[in-house]
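Read-outs: derived from the displayed coordinates by stated rules, not from any lab. Note that the structure is a prediction, hence the values are computed from the model and not measured. Neighbour counts are summed over all protein chains in view; Cβ atoms, including those assigned to glycine, are modelled from backbone coordinates with ideal geometry.
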């Protein structure tokens, strides 16, 4: 089975939006230090969790469509990983 690489930069808005499609990936998710405010992450309708600028985490074998982000327009979230 071939591995697929996934790289995406999500432009944050005030409205929650998914990190990706229904595919399952292992990814590093980061909020760059240039963000002006925390980005709020939510998974499967649970509580929102704020990530401060410069915060990053490795998420293993997750479905990106089940995680939404919202925050200050102009901020971004970077997602890099693959199907390994």
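Under a plain spin-label model, where a point goes 7 Å from the Cα along Cα-to-Cβ, how far apart in nm are residue 47 and residue 80?
3.1
Given 20 °C and 1.002 mPa s, how large is the Stokes-Einstein diffusion coefficient of the chain in µm²/s, with Rh as the Kirkwood radius over Cα pairs?
168
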